[in-house]
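S.K.: Quick one: the structure is below, questions incoming.
The values are calculated or read from the model by the stated rules, or taken from the named source; none is laboratory data. Because the structure is a prediction, the values reported are computed rather than measured. No Cβ is skipped: glycine too gets one built from the backbone with ideal geometry, and neighbour counts run over all protein chains shown.
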Amino acid sequence: MTRLGAANTFLLVVRRALPAIFAGIVLLAFAMPAKAEAPTLDALTRIEILANDHPDRALQQLRALEREARKAPLTTRAAFLSVLGYTQALAGDADAAQRTSSELEALAGGNREIAAEAMLVRANALFVRGSLDTAAASAKSALESFDAHSPARLRYWARHVLGSILFEQARYDQALTHLQEAARLADDNGWARRRGMVLNSLATLYLNLRQYDNALRTVGEACDIARRNNDSAALANYKLTEANIHSATDTRPAQHAALTESLALAHSVGARAVESAALINLSDYYLSTGNYAAAIEHAEQATPIARDFQDWSGEATIQTNIGLARILSGNTDLGKPLIELALATYKRHGARNDEVAVLREYGDALRKTGQSAAALDTLLRERALSEELLQSEKQRVVLELQARYEADKREREITLLNRENALKDAQIENHRLARRVWWLLLVVSALAALIVGLLYRRVRSTNRQLEERNEELAIQSSRDPLTGLYNRRYFQQRMAQFDANPAPLAANTVRATYLIDIDHFKRINDRRGHPAGDAVLIAVAERLREALREADMIVRWGGEEFLIFVPRIRPEQMSELAQRIINAISENPVAYNGDLIPVTASIGYAPFPLPPAGIRLPWEREINLIDMALYLAKAHGRSRAYGVARLLTDGDGGIERVETDLEQAWTSGLVELAIIEGPPPSPVD
């Protein structure tokens, strides 16, 4: 499994580095000369620095100081518990770190800052354990207890912790806000090392947002800080981020050089967590270049380090890389169990996006080694999990929209109530003035009427704006922002309506669904950049609009996939439409920045109800059937269309066999397929 994204870097490096980073921020305020407790605090400062690279040795030194530290004044005891909890988490013992945070909370009593510090220790322990939701809640509570007058060290600490957790949750806009504020606080207070750490976090975030120039510039600044301070361990960490950026931009020599330098630096100073990360990323590098022996060798070197740190995510990545390397080198029986073990680990920890990524790479490896049946089974597993995640995301979006609607409704009610109160006050005042000066009654009444009229017009205008905004939101929620096509959510809603109230079809007509996949789209992104890939998607969407009728629904299904729903068509015209789609997409290359990008596509399609018996299927099963037809088109050479023409078997048992394995059903004579050839696929394998 390739660990190129920012979230993966955080799991592998930042999750292990953050505790010691934050411990240093806490001690920054305490380690000041003068009073009797200063020697103990100086010792804690040295231990905090040591914990970055050697948490086991740091724990030994903390235990040696424990008796004296527990008899020290409150601030020193709190600092000791903070460093102890962070170092325990850094060493992989999240349970011990959690217990230490509870002890720190009990020590706080009525001290708000120490209580918030305990919440941040707990957030970090939960972060290392992988409990992201509860970690985010704890960090947010700590941040909300501070104000502009709270110590800068605590505000920095809270911002960095919360920003890192939100990053792991893929809430990038919120993460960016908190991390940028942490960088500003570090800069204002002259904390060079802390600024380097947060710059590295920001570079990783920019990488995940595909802002590659920003990412390289930011990590370069972090590397300069580490070099000026002779901080080899930090530089090794930053070089990992630089390597990931080079990987995303397909700059292979620079990626390998950065990884090699990171590994050498980490090994030279004994920074084992960073060494593990460098070894795993080198394993990814060799896996992508086809050097499977080197991929296995580097992954196996990282295994004992990941186990020492109880890094479940790193160990699962190691298992994935070794498993893929063994499958691709012909040792399928040795590779499959490792892949399944990694998938079980991701599922147990709730890392569903990682699970989807592993299934996708697993299926691709099986297909490359000629294991079509196993590859198809893995594809179906990945599709099912992707659909489950889509439904979860849909539910989250619905809840967010509902909450936003309720908030807007409450705000409108409060506004109207305030206006009503203002009117009542004006009326009372008018009556009082009328009793005192009767001849002003007409003037006051006229003014009151004018106010009411203006308020009424304002309410009508506001309601009209709200209606327009609701219409805009409805359109935005149903459209893909890049291509302007309908999105998957809108298609699912329409198909649910079709299934609930099926419209009668004219004689000799059916409805048809086409699933389209742009051939070798990943290579377009890798070789020409994501903006070029976006240009191809936009061009394909426009060509489909020109080739189809207004009554036909065109959907951006996801990634490089498009879906076309034809509500009414004669069966004999379906192959003609498939040929028209292929020609429309591939007839002319896409022009981008003075370059011409050839584009072809593979298609799966089928009529519904299925002839000749007129079998009706729920739309989810329809999509599954044409997805298998699309898979056959890709497996048999790409740039072609495979269509289910009709069933050659009677009864529900026949359709179930076709749905289980379309290719087997075809070769067994249970189903008739129509095959439309396109031009040679481009780019060519």
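S.K.: Somewhere in region 568-578, is a residue of a type in the set (A, V, I, L, M, F, W, C), surrounded by 14 or more Cβ atoms within 10 Å (Cβ to Cβ), more than 37 Å from the chain's Cα centre (by Cα) and modelled with pLDDT under 95? Lay out the reasoning, then the answer.
M.R.: Taking region 568-578 as the starting set, the residues that turn out to be of a type in the set (A, V, I, L, M, F, W, C) are 569, 574, 577-578.
Next cut, surrounded by 14 or more Cβ atoms within 10 Å (Cβ to Cβ) only: 569, 574, 577-578.
Restricting the remaining residues to those that are more than 37 Å from the chain's Cα centre (by Cα) gives 569, 574.
The next check asks that each one be modelled with pLDDT under 95; those that pass are 569, 574.
Yes.
S.K.: Another one. Pairs under 9 Å by beta carbon, first residue farther than 17 Å from Leu162 by Cβ in region 103-122, partner part of a loop (DSSP other than H, G, I, E, B), six or more apart or different chains?
M.R.: Close Cβ pairs (under 9 Å, with a partner that is part of a loop (DSSP other than H, G, I, E, B)) amount to Arg112/Ser145; Arg112/Phe146; Arg112/Ser150.
S.K.: Something else about it: Condition (residue is crowded, with 24+ Cβ neighbours inside 10 Å, among the hydrophobic types (A, V, I, L, M, F, W, C) and in contact (Cβ under 8 Å) with a residue 60 or more places away in the chain) applied to region 293-312: is it met by at least one residue?
M.R.: Taking every residue of region 293-312 in turn, none turns out to be crowded, with 24+ Cβ neighbours inside 10 Å, among the hydrophobic types (A, V, I, L, M, F, W, C) and in contact (Cβ under 8 Å) with a residue 60 or more places away in the chain.
S.K.: May I ask you to say which residue of Tyr605, Tyr631 is assigned to a helix (DSSP H, G or I), hydroxyl-bearing (Ser, Thr, Tyr) and in the same structural domain as Arg523 (by TED's automatic domain parsing)? Step through it out loud before you land on a result.
M.R.: Details: Tyr605 fails: assigned to a helix (DSSP H, G or I).
It is Tyr631.
S.K.: Could you list, ordered by first residue, the pairs with Cβ atoms under 7 Å in which the first is in region 200-217 and under 13 Å from Ala175 (Cα atoms) and in a helix (DSSP H, G or I) and the second is of a type in the set (Val, Ile, Thr) and modelled with pLDDT under 90, at least 6 apart or interchain?
M.R.: Every condition considered, the pairs that remain are Ser201/Val14; Thr204/Thr9.
S.K.: May I pose another question? Determine whether Leu279 is surrounded by fewer than 24 Cβ atoms within 10 Å (Cβ to Cβ), of a type in the set (A, V, I, L, M, F, W, C), assigned to a helix (DSSP H, G or I) and without any contact (Cβ under 8 Å) to a residue 40 or more places away in the chain. It would help to see each step written out before you state the result.
M.R.: On the way: surrounded by fewer than 24 Cβ atoms within 10 Å (Cβ to Cβ): no; of a type in the set (A, V, I, L, M, F, W, C): yes; assigned to a helix (DSSP H, G or I): yes; without any contact (Cβ under 8 Å) to a residue 40 or more places away in the chain: yes.
No: the conditions fail for Leu279.
S.K.: Restricting attention to region 200-220, and to residues there that are farther than 20 Å from Leu259 by Cβ and buried (at least 17 other Cβ atoms within 10 Å of the Cβ), which single residue is modelled with the lowest pLDDT?
M.R.: Within region 200-220, the match that is modelled with the lowest pLDDT is Leu205.
S.K.: When you scan region 484-526, how many residues do you find that are at pLDDT 90 or above and over 20 Å from Glu561 (Cβ atoms)?
M.R.: 2
S.K.: Of everything in region 62-74, what is part of a helix (DSSP H, G or I) and either surrounded by fewer than 19 Cβ atoms within 10 Å (Cβ to Cβ) or not assigned by TED's automatic domain parsing to the domain that holds Ala125 (or both)? Give them in sequence order. Walk me through it before giving the result.
M.R.: Keep residues of region 62-74 that are part of a helix (DSSP H, G or I), which gives 62-70, 74.
Answer for region 62-74, where residues must be part of a helix (DSSP H, G or I) and either surrounded by fewer than 19 Cβ atoms within 10 Å (Cβ to Cβ) or not assigned by TED's automatic domain parsing to the domain that holds Ala125 (or both): Arg63, Ala64, Leu65, Glu66, Arg67, Glu68, Arg70, Leu74.
S.K.: Turning to a different aspect of this structure: Suppose we keep only residues that are charged (D, E, K, R) and surrounded by 15 or more Cβ atoms within 10 Å (Cβ to Cβ) within region 546-564. Which one would you say is nearest to Tyr490 (Cα to Cα)? Let's see the steps before the verdict.
M.R.: At the first step, the residues of region 546-564 found to be charged (D, E, K, R) are 546, 549-550, 552, 556, 560-561.
Keeping just the survivors that are surrounded by 15 or more Cβ atoms within 10 Å (Cβ to Cβ) gives 552, 556, 560-561.
On the way: Asp552: 14, Arg556: 10, Glu560: 18, Glu561: 15 Å.
Result: Arg556.
S.K.: From the list Arg556, Arg580, Arg568, pick out the single residue that is among the charged types (D, E, K, R), out of contact with any Asp or Glu (no Cβ under 8 Å at 6 or more places or on another chain) and in a strand (DSSP E or B). Can you show your working first?
M.R.: Numbers: Arg556 fails: out of contact with any Asp or Glu (no Cβ under 8 Å at 6 or more places or on another chain); Arg580 fails: in a strand (DSSP E or B).
Result: Arg568 is the single residue among Arg556, Arg580, Arg568 that is among the charged types (D, E, K, R), out of contact with any Asp or Glu (no Cβ under 8 Å at 6 or more places or on another chain) and in a strand (DSSP E or B).
S.K.: Can you find a residue that is among the charged types (D, E, K, R) and more than 28 Å from Ala496 (Cβ to Cβ) anywhere in region 594-606?
M.R.: Narrowing region 594-606 to residues among the charged types (D, E, K, R): 595.
Restricting the remaining residues to those that are more than 28 Å from Ala496 (Cβ to Cβ) gives 595.
Among the residues of region 594-606, at least one is among the charged types (D, E, K, R) and more than 28 Å from Ala496 (Cβ to Cβ), which makes the answer yes.
S.K.: Please go through region 313-340 and pick out each residue that is free of Cβ contacts under 8 Å to residues at least 24 places away in the same chain and of a type in the set (A, V, I, L, M, F, W, C).
M.R.: If the condition is that a residue be free of Cβ contacts under 8 Å to residues at least 24 places away in the same chain and of a type in the set (A, V, I, L, M, F, W, C), then Leu334, Leu338, Ile339 are the ones that fit.
S.K.: Then there is this: Right, Ile623: over 38 Å from the mean Cα position of the chain (by Cα), closer than 25 Å to Ala496 by Cβ and either crowded, with 17+ Cβ neighbours inside 10 Å or not polar (S, T, N, Q) (or both) or not?
M.R.: Working: over 38 Å from the mean Cα position of the chain (by Cα): no; closer than 25 Å to Ala496 by Cβ: yes; either crowded, with 17+ Cβ neighbours inside 10 Å or not polar (S, T, N, Q) (or both): yes.
Here the answer is no, as Ile623 does not meet what is asked.
S.K.: Given the condition modelled with pLDDT under 85 and surrounded by fewer than 18 Cβ atoms within 10 Å (Cβ to Cβ), answer yes or no: does some residue in region 75-94 qualify?
M.R.: yes
S.K.: Hey, another quick one. Within region 615-649, how many residues are under 24 Å from Ser386 (Cα atoms) and among the charged types (D, E, K, R)?
M.R.: Final tally of qualifying residues: 6.
S.K.: Is it the case that Arg184 is of a type in the set (D, E, K, R), in the same structural domain as Ala243 (by TED's automatic domain parsing), in a helix (DSSP H, G or I) and modelled with pLDDT under 90? Walk me through it before giving the result.
M.R.: Values: of a type in the set (D, E, K, R): yes; in the same structural domain as Ala243 (by TED's automatic domain parsing): yes; in a helix (DSSP H, G or I): yes; modelled with pLDDT under 90: no.
No, not satisfied.
S.K.: Consider Leu596 against the criteria (1) part of a strand (DSSP E or B); (2) at pLDDT below 95; (3) in contact with a helix residue (DSSP H, G or I) (Cβ under 9 Å, 6 or more places away or on another chain): it satisfies all of them except one. Which criterion is unmet?
M.R.: For Leu596, the failing item is (3).
S.K.: Considering each residue of region 326-355, count those that are surrounded by fewer than 18 Cβ atoms within 10 Å (Cβ to Cβ), within 19 Å of the chain's Cα centre (by Cα) and either at pLDDT 90 or above or under 20 Å from Gln391 (Cβ atoms) (or both), and give that number.
M.R.: Looking only at that region, the number is 4.
S.K.: To continue, here is another question. Name the residues in region 223-276 that are crowded, with 24+ Cβ neighbours inside 10 Å, small (Gly, Ala, Ser), touching a residue at least 60 places away in the same chain (Cβ under 8 Å) and over 20 Å from Arg210 (Cα atoms), would you?
M.R.: The answer is Ala234, Ala271, Ala273, Ser276.
S.K.: Go through (1) assigned to a helix (DSSP H, G or I); (2) of a type in the set (A, V, I, L, M); (3) closer than 25 Å to Val536 by Cα one by one and return the number of the condition Ala665 breaks.
M.R.: That leaves (3) as the condition not met.
S.K.: Which one of these does Gln391 not meet: (1) farther than 30 Å from Arg307 by Cα; (2) surrounded by 15 or more Cβ atoms within 10 Å (Cβ to Cβ)?
M.R.: Of the numbered conditions (1) farther than 30 Å from Arg307 by Cα; (2) surrounded by 15 or more Cβ atoms within 10 Å (Cβ to Cβ), the odd one out for Gln391 is (2).
S.K.: From the residues in region 110-169 that are assigned to a helix (DSSP H, G or I) and of a type in the set (Ser, Thr, Tyr), which one is nearest to Gly350 (Cα to Cα)? Explain how you work it out, then say what you get.
M.R.: At the first step, the residues of region 110-169 found to be assigned to a helix (DSSP H, G or I) are 112-129, 132-144, 152-168.
Going one step further and asking which of them are of a type in the set (Ser, Thr, Tyr), we end up with 134, 138, 141, 156, 164.
On the way: Thr134: 14, Ser138: 19, Ser141: 24, Tyr156: 29, Ser164: 18 Å.
Across region 110-169, the extreme among qualifying residues is Thr134.
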